[in-house]
Protein chains: 2
Amino acid sequence: MNIQNPKTKIAAPQSVTTGPIAGSRKVYAAPASHPEMRVPFREIALSDASLAPIRVYDPSGPYTEDGASIDLKQGLPTLREDWIAARGFGAIEGRAVKPEDNGNVSADRLVAPCPAERKLRRSADGQRVTQYEFAKAGIVTEEMVYAAFRENLAREKALEGAAGRRADGEDFGAAIPEFVTPEFVRDEIALGRAILPANINHLELEPMVIGRNFLVKVNANIGNSAVTSGAAEEVEKLVWATRWGADTVMDLSTGRNIHNIRSWILRNSPVPIGTVPIYQALEKVDGDPLKLDWEVFKDTLIEQAEQGVDYFTIHAGVRLAHVPLTASRVTGIVSRGGSIMARWCLAGHRESFLYEHFGDICDIMRRYDVSFSLGDGLRPGSIADANDAAQFAELETLGELTKIAWDRGCQVMIEGPGHVPMHKIKQNMDKQLAACGEAPFYTLGPLTTDIAPGYDHITSGIGAAMIGWFGTAMLCYVTPKEHLGLPNRDDVKTGVITYRIAAHAADLAKGHPAAKVRDDALSQARFDFRWEDQFNLSLDPDTARAYHDETLPKDVHKVAHFCSMCGPKFCSMKITQDLRDEVRAMEEAARQGMAEKSREFLEQGGALYVPAE
Amino acid sequence: MNIQNPKTKIAAPQSVTTGPIAGSRKVYAAPASHPEMRVPFREIALSDASLAPIRVYDPSGPYTEDGASIDLKQGLPTLREDWIAARGFGAIEGRAVKPEDNGNVSADRLVAPCPAERKLRRSADGQRVTQYEFAKAGIVTEEMVYAAFRENLAREKALEGAAGRRADGEDFGAAIPEFVTPEFVRDEIALGRAILPANINHLELEPMVIGRNFLVKVNANIGNSAVTSGAAEEVEKLVWATRWGADTVMDLSTGRNIHNIRSWILRNSPVPIGTVPIYQALEKVDGDPLKLDWEVFKDTLIEQAEQGVDYFTIHAGVRLAHVPLTASRVTGIVSRGGSIMARWCLAGHRESFLYEHFGDICDIMRRYDVSFSLGDGLRPGSIADANDAAQFAELETLGELTKIAWDRGCQVMIEGPGHVPMHKIKQNMDKQLAACGEAPFYTLGPLTTDIAPGYDHITSGIGAAMIGWFGTAMLCYVTPKEHLGLPNRDDVKTGVITYRIAAHAADLAKGHPAAKVRDDALSQARFDFRWEDQFNLSLDPDTARAYHDETLPKDVHKVAHFCSMCGPKFCSMKITQDLRDEVRAMEEAARQGMAEKSREFLEQGGALYVPAE
C-alpha cells in the first residue's frame, strides 16, 4: 500500500528551537584537572538572594545557551576532536553513499545530506579504541573525566546543601558513591556496569555515562516512517527532546532519506544517538525480511558507524529456537526488529545471521566504539505475555552475547520490556542483573496496563519509575501517541517530561545523594510563596506558569501568599507560617526546660503537653 | 483580600453532559435474589461478533444512558427509597437553612437551592442504622447485595473467559475472593475492612463498597473556592468526573453558596459524596480559626448529614501535642483542615475540640450513617517531610479513633499522604494496616517527587498505583493543576483517567480475578488490528480515536493492518500474524513427534531445532 502524505517535505532543516529554558541559564564549568573542559549545567537562580542557585543536569547542548548561534549546516562544535586525534586512529575515506542508503528516493524527493565536513576515523586491528578497552587497561579518558564531572557538580552542590539531611533510600544492592570520581567511572565501565556511548566519529558529543550507579537516564525516540515526517521535523525533534531532558536519542527512521536525515541528526546532536540498523537494512532489500543477509547488514553497520552513531540495537537474541515460544502469546512479537528476525529465521528454518555473525558484528562496532544495545526482540507486547518463556529465553541469550561482546572489547547495555504488570517488574530487573553480568539495563516503560491507549506515557511512567528504582540505568520514553500514531512536538515533550519524572523519582528512591536537593528547593519555594522560583525549579516552567496564570494571571499573584485552590482564608501554608514562629518558640522553651520538666512530665502521666498557665 | 472573579455565576445548573461513552452502552442487570434491582454496567460490544461484549464497572449513573432524560431540578431517581423506608427511621423536619450556611451571600448572588423534595430521616437512639451495625448483626442489606453484584458481574464474565488464564498477583496479605457474595461484603464491613458509604438521606445513591478486597476505587475532588467557580460548573464537574470513572466525589467548596451548591450536587449524584465540614464551619465564623467551637461544628455536621453527605473528613487526629512535631518541616502543615486545627489548638494551647468531642461526632454521624474519613491533617507536603514523626503520631491517633468509631457503630476509612518517595510508600501502608485495624486506606497520590508542578497527576499516579497495589482501597485523584490552580473540565478528566490507570494497574498487580479481562481484550483487538475495538475498550475512547485520526484520519485506516508508527512494511504485529500459523503448525508437529524425536534430540546435543529436511 502506497501512502502519499502531504506532510512529507524534502526541505533541509533550517532552524530549531534555541534559547534558555525560562528562569535559567546555561553555565559551563571545568574539573580542576582539566581546566580547558567546558562541562554544561543549567543554573536556576532563586529570587531570594540569600539562597544559592540550583544547578541541574543539562543534556540540551549549545541550543539552550543565551543568544545561541546555531548553523545546522556546520553542525555543532567538535569538542572531542583533540581527544580523539591524540589517540592516533587512522583517517579513512569512508564508504561511498549508495542510492539504496536513502531508499532509492527520486531526485526530486531527495534530502541533501548535512554539508558539515568531518575527518572520518577507524581504529586499526588491535588498537585500543573503546571506552571499555581503555577502562580495562586502567586508562581514564577525557570522556570519563567529563562524564564524572557532569554527574558530580550537582552532587557537590548537594553535599554542600545537605548538612543534616542525609539522603536515605533503598538501592537494591547498587553502589552509588557519595561522590563520582573519574576513576569511579572508569571502574564501572571496566566492570561492564556502565557504558559511555561515544562513537569516535561523533565529535560533537557531550559525553555522558549510563549505569546503575549514576543518575537514571532517559532516551527519546524520534524518526520518520514510511507514512509521515521529514528531515527538518526530525532535527527539531532531536533538539526539542534534549531541551526537555532526553539524555540520548534514538533515530528510528524507516522512511525515505534515512541516510541523509541521519547526517543532519548526528552533526547536530550533543547527545548519543542510537539506531536500529536492521531497519535500514530492510529498506535496502525492499522491505522483504527474507532478502536480508549478512552482507547487507554488515554494509549498513559500517555505513552508520562511519556516520557516528553511538549505539546500535542488535536483535541477536532472537534465535530460531525462541520463535515457537511466542506462538500462544496474545500479542506475538511486537518488536519490529524481533519480528523481522523471527520471520527470517522461520522462513528458512535457520539460525539468526545476527547470532551467527555476532563476533563479526562486535569487531565492526569495536573499531568505532559503537556500543551495543542488545535488543529485546521478544519483549512482551501485552500484560498477558509478560515474563514468559520467550522473553526470558532471549534474556539468557543476551547474557551470553554480553560476555562475547566484552571479550571483544565492546560496551554493552541490554534492552528490556515492554508491557509488565507491577508485580512482575522486579523479576525483570533481578533476572537481567543475573543473566547479563550487571550490564546496564535499558527498558521501554514498562507499561503497567494495556487499557489506556492515549495515556501510555502514564501507564508506562509508573513502570519506568519502579524499574528505575530497582536498578534500570536508562528509561526509554513512551509518548501519549504510543500504539496510535507518530508523536508530534507536544507528544515528544510530554513523553520526555514524564520520563524525567520517572527517572527522578527513581533517583530519590535509590537515595542518590544529589537528587533531593531540587525537591527541597522547590518545596521550600512553595512554602515561602516564591511562585516564580517554584515555576523555574520545575521540570517544565512554561506549563507551571501557564497553569497558574489561568486562574490568577496578574503579576501581583506571583507574590501572593495564597493561590486559587484555597483562596487567602484557607491557605494551609499561610496558616502554618503564621504558626511556625510560635511553634519554634515553644520548642526552644521545651528544650531549655527539658531537664527540670522531665520529672514533672512523668508525674503527669506522660502527656506531651501541659495546660498553659 | 477580596477577589472579584468574572467567572463567578449565580445561575442554577441547567444541563450536564449526557449520553453513552463512545462505543459502549449502559446496561442494567439484577442478582437472582433481587430481580427488581437494576445494577449498572457499561457494555462494550466488539466488532468481531464471535467475541462476547466486555462489561466494565460503571459509576457514571443515569447520565450515560442512551437518550438519558435528566432534570436537575428533580434530581436523580430515589432508588433507595423503599429500602430505607422499610427500615423504619423517623421522619424529621430538618434544620432550617441559615444565612451563614451560604456564607451570608447577598440576595443578588444567592444560588437557589435544588428544589427536589425528599423525605428527611434520622435514626432513633439505639436504632440500628449504619451498614456497619447491620453487618455486625449479621444482616445483609440491599446495599450490600447491590455492591456485591456490582463488583461481581464483571468477575463472572472474567471467570467465564478466563479458562486457562488464572490471574496471578501479589496481594500482600489481602484476601480477594474468586467471587464476591453479599455475605462477603457483609463480612468485610463487619470486620471494619470495608465501608459502604451511604447516608440514609442520599436516596439517589448507587451503592458501592470500598475495601482492600474489592476493586480499587478512585475519588475526584470538586468544589468552588473563594476565588472562582459557581454552582453549574460544580454539578457538571460531578457528572463529568463520574463519567470518566470517579467512584466517589468530594465537594471541597469553600466559597459562597456552599449549602445550596451542595443540594444540587447531592440530589444529582449517583456516587457517594464526601465533604470536609470544617471548611463550612470556618466560613460560618468569618474564616477565623480561633472562633471555631464545638457548637458551630456540630451544627454543620447536622446540616450536612441531613442533606445526605455520605462521608465526612474529620481531622480529629491533629492533637495539640502533634503540632510542635511539624516545626522543622520543609512545608509545615499542608492540609487545610490540619492547619486550621493546629492553629486552633496552639492559639489557646488546648486540645482539639474534634478530638475531645469525638464520641459526640460519632453519635451524630451514626444517626444518618455518615462514614468517617479520618483526615490526615499532618500529611507530608514534600518529599523531605515524608514519614516523619508528626505524620506517624497522627496515624496512631487515627488508629485509636477508629476503634472508638467502630464501638459507636460507625463506618471508618483512613486518609493517607501526600508526598512520599517510592521507597517510603510501603511503610505507609504497613503502618496504616497495623495502627488502624485494617480499616480501608484512602490516599492522596502519593506524589513521588516535588519537582513537576503541572504534571502532578503523573508524579502522584506513580505513587497511587504502588500504594493501591500494596492495599490502599481508594485513591484520591490529583489533577495537572495541583499546587497551581483550580482544575477545569479537562484537568478533571485527565486526573480521573490517570487514577483509573493507577487503580487498574493495582488491581492487576494484586491479582484481582477480573482485572486482566479488559487488558487481554484490548491487546487481542490490537493484535487483530480491530482499531475500533481498541479505541472502545480503552479508558478514553475519544482521545484514542482522535490520536489515531491525527496521522491516519480515513475510515479505511481503522481496519488497516498497520499504523503510522511503523507503516505497512515494518508492522511487527502484521509480520507476527503471518508467522503465527506457521509456528503453530510447527508446534503441533513437534507435539505429535515428541516421543520418537526425543532420543534423536538428545543425540544431537539437545539443540532445540534440527535443520529442515
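The values are calculated or read from the model by the stated rules, or taken from the named source; none is laboratory data. Here the structure is a predicted model, which is why all the values come from computation and not from measurement. A quick note on method: Cβ atoms are made from the backbone with ideal geometry, for glycine too, and the neighbour counts reach across all protein chains shown.
Under the condition of being farther than 21 Å from A:T479 by Cβ and within 21 Å of the chain's Cα centre (by Cα), the residues counted in the stretch B:499-547 number 14. Those residues that are within 18 Å of B:R150 (Cα to Cα) and within 14 Å of chain A (Cβ to nearest Cβ), I need them from the stretch B:205-262; list them, please. If the condition is that a residue be within 18 Å of B:R150 (Cα to Cα) and within 14 Å of chain A (Cβ to nearest Cβ), then B:L215, B:V216, B:V218, B:W244, B:G245 are the ones that fit. Tell me yes or no: at least one residue of the stretch B:289-308 is small (G, A, S), away from every other protein chain (no Cβ under 14 Å), part of a loop (DSSP other than H, G, I, E, B) and in contact (Cβ under 8 Å) with a residue 24 or more places away in the chain. Yes, that holds for at least one residue.
Restricted to the stretch B:326-385, the set of helices (runs of 4 or more DSSP H) holding at least 2 residues that are crowded, with 24+ Cβ neighbours inside 10 Å and in contact (Cβ under 8 Å) with a residue 12 or more places away in the chain comprises B:336-348, B:358-368. Inside the stretch B:89-124, residues that are in a strand (DSSP E or B) and surrounded by 14 or more Cβ atoms within 10 Å (Cβ to Cβ) make up a count of 2.
Residues in the stretch A:25-75 that are under 27 Å from A:Q534 (Cβ atoms) and assigned to a helix (DSSP H, G or I): A:G61, A:Y63, A:T64.
Residues that are part of a helix (DSSP H, G or I), facing another protein chain (nearest Cβ under 7 Å), under 27 Å from A:A194 (Cβ atoms) and not hydroxyl-bearing (S, T, Y): does the stretch A:447-459 have at least one? Scanning the stretch A:447-459 turns up no residue that is part of a helix (DSSP H, G or I), facing another protein chain (nearest Cβ under 7 Å), under 27 Å from A:A194 (Cβ atoms) and not hydroxyl-bearing (S, T, Y).
On the given criteria, is B:L252 crowded, with 24+ Cβ neighbours inside 10 Å and either in contact with a helix residue (DSSP H, G or I) (Cβ under 9 Å, 6 or more places away or on another chain) or without any contact (Cβ under 8 Å) to a residue 24 or more places away in the chain (or both)? When the stated conditions are applied, B:L252 does not pass them.
Residues in the stretch A:269-285: is at least one acidic (D, E), in contact (Cβ under 8 Å) with a residue 12 or more places away in the chain and surrounded by 23 or more Cβ atoms within 10 Å (Cβ to Cβ)? For the stretch A:269-285, residues acidic (D, E), in contact (Cβ under 8 Å) with a residue 12 or more places away in the chain and surrounded by 23 or more Cβ atoms within 10 Å (Cβ to Cβ): present. For the criterion of being modelled with pLDDT of 95 or more and more than 14 Å from the chain's Cα centre (by Cα), B:N199 passes.
Check the stretch B:190-213 and report whether any residue there is crowded, with 23+ Cβ neighbours inside 10 Å, free of Cβ contacts under 8 Å to residues at least 40 places away in the same chain and not small (G, A, S). Yes, the stretch B:190-213 contains at least one residue that is crowded, with 23+ Cβ neighbours inside 10 Å, free of Cβ contacts under 8 Å to residues at least 40 places away in the same chain and not small (G, A, S). Can you name the residue in the stretch B:171-196 that is among the charged types (D, E, K, R) and modelled with pLDDT under 95 and is also farthest from the chain's Cα centre (by Cα) among such residues? Selected residue: B:E178.
From the residues in the stretch B:407-439 that are polar (S, T, N, Q) and surrounded by 20 or more Cβ atoms within 10 Å (Cβ to Cβ), which one is farthest from A:D519 (Cα to Cα)?
Ranking the qualifying residues of the stretch B:407-439, first place goes to B:Q411.
Of all residues in the stretch A:21-50, those being touching a residue at least 24 places away in the same chain (Cβ under 8 Å) and either aromatic (F, W, Y) or under 28 Å from A:P115 (Cβ atoms) (or both) number 4. Could you check the stretch B:397-431 and list, in sequence order, the residues that are more than 21 Å from B:A124 (Cα to Cα) and part of a loop (DSSP other than H, G, I, E, B)? Within the stretch B:397-431, B:P417, B:G418, B:V420, B:P421 qualify. Residues in the stretch A:213-270 that are of a type outside the set (D, E, K, R) and in a loop (DSSP other than H, G, I, E, B): 23 in all.
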